[in-house]
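The values are calculated or read from the model by the stated rules, or taken from the named source; none is laboratory data. From a predicted model like this one, the values you see are computed outputs, not experimental measurements. Every residue, glycine among them, receives a Cβ derived from its backbone with ideal geometry; neighbour counts consider all protein chains shown.
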Amino acid sequence: MRLERLTYPYPGTDKLIHAFLFATLYTLRAKAYGEQNINTSKKVLLTYLIMYAVFAEIIQLCLVERSFEIFDIIANIMGASLAYLFFNLIQN
């Protein structure tokens, strides 16, 4: 079964989506950890998400219908980092 590749109306749209998804993932995890009093620092959470971003792209090297893109990793890290910075700004 062949999947069609998504096309976006503007260049870089997929990178914005990557950044948004990782910012959302960071925000949801940080909020959930805070509500459950889990003693995980925001730096540790950011580190986990960076490792996840790299791992998810490396896995795509082994998949036929997927492709590895270094800019996806960068967009993922930027999204998580922006959410980290935002959380630190609103807490101060």
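Can you name every residue in region 1-27 that is β-branched (Val, Ile, Thr) and at pLDDT below 90?
Of everything in region 1-27, those that are β-branched (Val, Ile, Thr) and at pLDDT below 90 turn out to be Thr7, Thr13.
Just the residues that are among the basic types (Lys, Arg) and surrounded by 14 or more Cβ atoms within 10 Å (Cβ to Cβ), please, taken from region 41-66.
If the condition is that a residue be among the basic types (Lys, Arg) and surrounded by 14 or more Cβ atoms within 10 Å (Cβ to Cβ), then Lys42 is the only one that fits.
Does any residue in region 73-92 that is free of Cβ contacts under 8 Å to residues at least 60 places away in the same chain and buried (at least 17 other Cβ atoms within 10 Å of the Cβ) come within less than 9 Å, Cβ to Cβ, of a residue that is part of a helix (DSSP H, G or I) and among the acidic types (Asp, Glu) six or more places away or on a different chain, and which pairs are these?
Ile73/Glu57; Asn76/Glu57
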